[in-house]
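The block underneath contains the structure these notes are about, expressed in structure tokens.
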Ligand code: MV4
């Protein structure tokens, strides 16, 4: 087992990793930027090292600084959390070449899944359905036209290096296709450094349902069921829940088995998430795989009773999978609301001092946060200040529990998304589970923003 883990992250996920380390009896090293001296991850870790100025590129994303901190502190592993370096194949490769273990899959697996077109082709070959579309990136106008004509409009253009929906474009007719492709490629080159894009059939009224998996380094793998993540705004998830209202035990087993077989075939290890687009007839189409622990992992933890971060560490330390598929049982219903510090009208981040703070508690309530009264939210990082997660025996109970927990959540000094969450939870659509979202509006909104920025 590891003696000491460097936590290469900040905020609530850094605390989440530290708490599993504490329970495992593993020492922790925090790294922090000059803007994070008073952050809780610095306080709760056994050691803390300042690795640079506030901007992420100069600190949390600075690979030489992170590796130096690991060597200086004699850490034997690095937990990357989510975001920052968590899906950098290059960073994982640097770790592989040094004597510090990257807590996650191999750099080869990260690289494969980081190419969304290749991942789509590979997973399809291994038995997961994908939407009709180009086999790989489209390289010529002729190829783009032929693909779109073959699958029929509307189609959607996605960046090979994208993920999470950034830089997507819906195309309704041939007349728009080539101009849209050109813009999408230019945007992708600008945002990700790689212009390549692929084309897929566009599905209206889609849901986003994802499967959590876990695999060890000896070819054993299991799934931990699904999460429903269809409530999104500008490709940021707002609310996640488990199980999905559309799921049945039979469907879960069928897709779960396929997912497990596919990840065994690619030799994947550690935790991961396979995202699916689900149409109105409950057809599942593989979209992409995330090779990190995700923001919304707590809803799976509450419905399965499994500590995903603990298991990430055990797996990376070379232990065998600590659960068998038959031992995984799903209990009750969990919902997570992502509470962001932002302006309710402009959606702009609202950093600054939290003057007053009361976090709700009681049966079935969990809060993952690194905020506290008098804490000053720095303007440099994302605006997530807390994840409020509830568990109930039924979806209705979980909704009522979330509503009262939101009611008892006091945050003053900064604006938050608490009122937005209450509106969504109380809407008849959400209560019925009718959560396909106003997709096109959403996408058009996004397109308008892209134009504004250009
Ligand atoms: C799509 C789609 C429709 N058709 N792909 C991908 C990443 C995720 N953030 C949104 N993505 C979508 N990919 C095809 N071929 C629609 C979306 C989508 C979406 C999907 C589920 C729930 C909410 C959504 C909001 C916007 C876009």
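The values are calculated or read from the model by the stated rules, or taken from the named source; none is laboratory data. The structure presented is a predicted model; accordingly, all values stated were derived computationally and were not measured. Note that each Cβ is placed from the backbone with ideal geometry, even for glycine, and that neighbours are counted across all protein chains shown.
One table, with the values for the structure above:
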item	result
Enumeration of residues in the stretch 123-164 that are part of a helix (DSSP H, G or I), within 22 Å of residue 279 (Cα to Cα) and either within 12 Å of the ligand (Cβ to nearest atom) or in contact (Cβ under 8 Å) with a residue 24 or more places away in the chain (or both)	123, 124, 147, 148, 149, 151
Residue count for the stretch 396-424, restricted to those that are farther than 17 Å from residue 368 by Cβ and touching a residue at least 60 places away in the same chain (Cβ under 8 Å)	8
Looking only at the stretch 224-244, and only at residues there that are outside any strand (DSSP E or B) and more than 25 Å from residue 326 (Cβ to Cβ), the one that is farthest from the ligand (Cβ to nearest atom)	234
Hits in the stretch 313-339 (condition: over 18 Å from the mean Cα position of the chain (by Cα) and farther than 14 Å from residue 216 by Cβ)	326, 327, 328, 329, 330, 331, 332, 333
Identity of the residue in the stretch 339-353, in contact with a strand residue (DSSP E or B) (Cβ under 7 Å, 6 or more places away or on another chain) and touching a residue at least 40 places away in the same chain (Cβ under 8 Å), that ends up surrounded by the fewest Cβ atoms within 10 Å (Cβ to Cβ)	353
The stretch 318-337: number of residues that are within 30 Å of residue 385 (Cα to Cα) and crowded, with 19+ Cβ neighbours inside 10 Å	5
Test: residue in the stretch 354-363 that is away from the ligand (no atom under 16 Å from the Cβ) and in contact (Cβ under 8 Å) with a residue 60 or more places away in the chain	yes
Members of the stretch 201-223 found to be closer than 30 Å to residue 319 by Cα and either within 10 Å of the ligand (Cβ to nearest atom) or assigned to a strand (DSSP E or B) (or both), listed by number	209, 210, 211, 212, 213, 214, 215, 221, 222, 223
Top-ranked residue of the stretch 190-200 - restricted to ones that are more than 15 Å from the ligand (Cβ to nearest atom), free of Cβ contacts under 8 Å to residues at least 60 places away in the same chain and in contact with a strand residue (DSSP E or B) (Cβ under 9 Å, 6 or more places away or on another chain), ranked as nearest to residue 325 (Cα to Cα)	194
Check on residue 376, touching a strand residue (DSSP E or B) at 6+ places or on another chain (Cβ under 8 Å), farther than 22 Å from residue 59 by Cβ and in contact (Cβ under 8 Å) with a residue 24 or more places away in the chain	no
Selection status of residue 310, within 23 Å of the chain's Cα centre (by Cα) and assigned to a loop (DSSP other than H, G, I, E, B)	no
Check on residue 289, away from the ligand (no atom under 15 Å from the Cβ), modelled with pLDDT of 95 or more and either in contact with a helix residue (DSSP H, G or I) (Cβ under 7 Å, 6 or more places away or on another chain) or not in a strand (DSSP E or B) (or both)	no
All positions within the stretch 96-113 that are over 19 Å from residue 266 (Cα atoms) and either part of a helix (DSSP H, G or I) or out of contact with any strand residue (DSSP E or B) (no Cβ under 8 Å at 6 or more places or on another chain) (or both)	97, 98, 99
Given (1) at negative phi; (2) in contact (Cβ under 8 Å) with a residue 24 or more places away in the chain; (3) buried (at least 17 other Cβ atoms within 10 Å of the Cβ); (4) touching a helix residue (DSSP H, G or I) at 6+ places or on another chain (Cβ under 9 Å), index of the condition residue 315 fails	(4)
Some residue of the stretch 245-263 being touching a strand residue (DSSP E or B) at 6+ places or on another chain (Cβ under 6 Å) and either within 12 Å of the ligand (Cβ to nearest atom) or modelled with pLDDT under 95 (or both)	no
Whichever residue in the stretch 35-63 is outside any loop (DSSP other than H, G, I, E, B) and out of contact with any helix residue (DSSP H, G or I) (no Cβ under 9 Å at 6 or more places or on another chain) and, among such residues, is surrounded by the fewest Cβ atoms within 10 Å (Cβ to Cβ)	57
Condition met for residue 93 (more than 16 Å from the ligand (Cβ to nearest atom), under 22 Å from the mean Cα position of the chain (by Cα) and not in a loop (DSSP other than H, G, I, E, B))	yes
Of residues in the stretch 165-175 being surrounded by 17 or more Cβ atoms within 10 Å (Cβ to Cβ) and outside any loop (DSSP other than H, G, I, E, B), the one nearest to the ligand (Cβ to nearest atom)	170
Test result for residue 85, within 22 Å of the chain's Cα centre (by Cα), in contact (Cβ under 8 Å) with a residue 24 or more places away in the chain and assigned to a loop (DSSP other than H, G, I, E, B)	yes
Qualifying residue in the stretch 275-285 (condition: at pLDDT 95 or above, away from the ligand (no atom under 16 Å from the Cβ) and either over 22 Å from residue 86 (Cα atoms) or surrounded by fewer than 22 Cβ atoms within 10 Å (Cβ to Cβ) (or both))	no
